[in-house]
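> My questions will all concern the structure given below.
The values are calculated or read from the model by the stated rules, or taken from the named source; none is laboratory data. Values in this document were obtained by computation on a predicted structure and should not be read as measured data. Note that we place each Cβ from the backbone using ideal geometry, even for glycine, and neighbour counts take in every protein chain shown. Accessible surface is based on the protein model in full, side chains and every heavy atom, while ligands, DNA and RNA are left aside. Shrake-Rupley method; radii C 1.70, N 1.55, O 1.52, S 1.80 Å.
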Amino acid sequence: MVRGTRWQRMRRSPLFWLTIVLLPFYAYCLKSQFDMLHPDTTFPDGTVALGLNWDSLRMGMFYAMWTALVWSLLFIWMDRFRPQRPLVWLLTFLWGACASTWVSIYVNSWAGEAMNTTMANSDMGSRAAIFIAPFVEEASKATVLFLLVILYRAQIVSRLSIVALAGLSAVGFAFVENVIYYARAFVYGTNTIEVEDPMAELMELVMLRGVYTSFGHPVFTMMIALGLAIALGARSKTVRVVAPLAGFVVGAGGHMLFNGVATSGGTADLRPQWFMALALVAMLTIMMLLTVVAQAQLIRRRLGDYRRVGWLTDRDPVIFSGPFKRMKLHVAALLRGPRKVWLPTARFMRRITELAYIREGMTRGTIADGGDDRAREILCELEELRPVALTDTRGLPLFPPRRRKPTSSAPPPQAPGAAGLGGNWPAP
């Protein structure tokens, strides 16, 4: 176990140094995109694209944040067996929102100019959107996954965790992209006399991008995450190389098909493609549910190995392999005190889940003999946390019982005393 002061532990953590490097880079990316989109742009054919002002950006952020919030909560909930730290979630979301959009907007703009698209919306030209944007955007969104796996490999052990991080990166990308689209629609509507109701046009776009097709970016990036998850759990070197590449090809290909269909014409012609997209989302949802069941069985099976040798109790594999039992422990511990009860319970849950995945990696041959040393450290830490953490749902009420005030059973004094000072005689 890592000992020392908080500052010493922070200096040893790759996540600390990654945060120090990424946060200024994120700020630079946002500033660069604003400098690009804020001024008006005049194209060779004489058309002018109006820049985005602060009012349009604020309105775009207001309507885009609700979609981002719903999808972010969904992916954070998905990452519950071996949850990452909130800082990892935040950095991943900001990667998609800042770094990925920064790379994509410059590369897509360059590609649009190289393809001789000189319209006022050249960076959103159909040819660049179909043939260039899918590969650039998916590669930039998935880069953070490979970065975290390289620097933070010991903490990313669950397939659901990789998929959740990929989803957060895609949600961050879609958030900034929606802000730009909504702001452009608002600026165009308020500066074009042919548009009768700018807010109605904006709300139509919000429903299209923020509701009906909001699954697009998460679904395509999840394809890459699944390929990476298969590679991390495989013993074959060929599979470790081919699986991420196959995931990228499937994700980028689906994105290219999606953009091609979106630029093909009216809404009546898109109904078959719309139902195909819904079928794809349904298939992915079913696959994620089956993955949750498989992860629960894996945890129960591997914790059972430690139970048979007496290092865990009989109830540990049952409790910590059940998603609803884990959720009840979280809620009950939070209601009993975030610092005194919930933190030890969350740490206990995190460590015992890590123990199960270490055991799985050792049995599959993907973790070397050093896993035994880490398993011993975890077992010692579990014994330290067990007296203060909630570890069993049997007989556990969700809300803590109220403490009753102690009542004295001693009879009242019989000797007269001063009025109002404890005597049983009335005041004169």
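> For the stretch 60-111, give me each residue that is among the basic types (Lys, Arg) and open to solvent by 20 Å² or more (accessible area, probe 1.4 Å).
Residues of the stretch 60-111 among the basic types (Lys, Arg): 80, 82, 85.
Hits for the stretch 60-111 are Arg80, Arg85.
> Please verify whether the stretch 350-361 includes one or more residues that are without any contact (Cβ under 8 Å) to a residue 12 or more places away in the chain and within 22 Å of Gln295 (Cβ to Cβ). Explain how you work it out, then say what you get.
Start the filter on the stretch 350-361 by keeping residues that are without any contact (Cβ under 8 Å) to a residue 12 or more places away in the chain, which leaves none.
No, that holds for no residue.
> Here is a check on your reading of the model: is Met362 hydrophobic (A, V, I, L, M, F, W, C), within 17 Å of Asp79 (Cβ to Cβ) and at pLDDT below 90?
On the way: hydrophobic (A, V, I, L, M, F, W, C): yes; within 17 Å of Asp79 (Cβ to Cβ): no; at pLDDT below 90: yes.
It is false that Met362 is hydrophobic (A, V, I, L, M, F, W, C), within 17 Å of Asp79 (Cβ to Cβ) and at pLDDT below 90.
Rundown of residues vs (1) at positive phi; (2) in contact with a His (Cβ under 6 Å, 6 or more places away or on another chain); (3) modelled with pLDDT of 90 or more; (4) open to solvent by 40 Å² or more (accessible area, probe 1.4 Å), yes/no style:
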site	(1), (2), (3), (4)
Gly265	yes, no, no, yes
Trp274	no, no, no, yes
Ala277	no, no, no, no
Leu280	no, no, no, yes
Leu284	no, no, no, no
Val293	no, no, no, yes
Arg300	no, no, yes, yes
Arg308	no, no, yes, yes
Asp316	no, no, yes, no
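> Hey, another quick one. Being among the acidic types (Asp, Glu), closer than 20 Å to Leu15 by Cβ and at pLDDT below 95 is the requirement here; does Asp79 meet it? I'd like the intermediate steps shown before the answer.
Details: among the acidic types (Asp, Glu): yes; closer than 20 Å to Leu15 by Cβ: yes; at pLDDT below 95: yes.
Judged against the criteria, Asp79 is a match.
> While we're here: Show the residue pairs meeting these rules: Cβ distance below 8 Å; 6+ apart or different chains; first residue within the stretch 305-328 and closer than 13 Å to Arg394 by Cα; second residue outside any helix (DSSP H, G or I) and among the basic types (Lys, Arg).
Short answer, once both residue conditions are applied: Arg315/Arg394; Arg326/Arg80.
> Name the one entry in Leu390, Leu312 that is outside any helix (DSSP H, G or I), open to solvent by less than 20 Å² (accessible area, probe 1.4 Å) and more than 30 Å from Tyr212 (Cα to Cα).
Details: Leu390 fails: open to solvent by less than 20 Å² (accessible area, probe 1.4 Å).
Going through Leu390, Leu312 in turn, the sole match is Leu312.
> Within the stretch 398-412, can one find any residue that is open to solvent by 30 Å² or more (accessible area, probe 1.4 Å), assigned to a loop (DSSP other than H, G, I, E, B), within 30 Å of Leu298 (Cβ to Cβ) and modelled with pLDDT under 90? Steps first, answer last, please.
Residues of the stretch 398-412 that are open to solvent by 30 Å² or more (accessible area, probe 1.4 Å), as a first pass: 398-412.
Keeping just the survivors that are assigned to a loop (DSSP other than H, G, I, E, B) gives 398-412.
If we keep only those that are within 30 Å of Leu298 (Cβ to Cβ) too, we end up with 398.
Retained after the next criterion (residues that are modelled with pLDDT under 90): 398.
Yes, because at least one residue in the stretch 398-412 is open to solvent by 30 Å² or more (accessible area, probe 1.4 Å), assigned to a loop (DSSP other than H, G, I, E, B), within 30 Å of Leu298 (Cβ to Cβ) and modelled with pLDDT under 90.
> Out of the residues in the stretch 118-142 meeting the condition of being more than 18 Å from Val219 (Cβ to Cβ) and part of a helix (DSSP H, G or I), tell me which one is modelled with the highest pLDDT.
Going through the stretch 118-142, the residues more than 18 Å from Val219 (Cβ to Cβ) turn out to be 118-128, 131-132.
Remaining after also requiring part of a helix (DSSP H, G or I): 122-124, 126-128, 131.
On the way: Ser122: 42, Asp123: 43, Met124: 46, Ser126: 66, Arg127: 68, Ala128: 70, Phe131: 77.
So the residue we want is Phe131.
> Select from the stretch 342-382 the residues that are assigned to a helix (DSSP H, G or I) and of a type in the set (Asp, Glu) and list them in ascending order.
Taking the stretch 342-382 and keeping what is assigned to a helix (DSSP H, G or I), we get 342-364, 370-382.
Glu354, Glu360, Asp372, Asp373, Glu377, Glu381 - these are the residues of the stretch 342-382 that are assigned to a helix (DSSP H, G or I) and of a type in the set (Asp, Glu).
> Under 7 Å between Cβ atoms, which residue pairs at least 6 apart in sequence (or on different chains) link something in the stretch 163-187 that is open to solvent by 10 Å² or more (accessible area, probe 1.4 Å) with a partner that is of a type in the set (Lys, Arg) and assigned to a helix (DSSP H, G or I)?
Tyr181/Arg209
> Further question: Can you pull out the residues in the stretch 192-203 that are open to solvent by 10 Å² or more (accessible area, probe 1.4 Å), at pLDDT 85 or above and in contact with a helix residue (DSSP H, G or I) (Cβ under 6 Å, 6 or more places away or on another chain)?
Within the stretch 192-203, just Glu201 meets the criteria.
> In the list Val211, Val206, which residue meets the criterion of being of a type in the set (A, V, I, L, M, F, W, C) and at pLDDT below 90? Spell out the reasoning first.
Working: Val206 fails: at pLDDT below 90.
Of Val211, Val206, the one residue that is of a type in the set (A, V, I, L, M, F, W, C) and at pLDDT below 90 is Val211.
> Regarding Arg339, is this residue without any contact (Cβ under 8 Å) to a residue 60 or more places away in the chain, within 16 Å of Val388 (Cβ to Cβ) and in a helix (DSSP H, G or I)?
Numbers: without any contact (Cβ under 8 Å) to a residue 60 or more places away in the chain: yes; within 16 Å of Val388 (Cβ to Cβ): yes; in a helix (DSSP H, G or I): yes.
Taking the combined requirement at face value, the residue satisfies it.
> Among the residues of the stretch 230-243 satisfying the criterion of being within 21 Å of the chain's Cα centre (by Cα) and either at pLDDT 85 or above or among the basic types (Lys, Arg) (or both), which is least open to solvent (accessible area, probe 1.4 Å)?
Ala231
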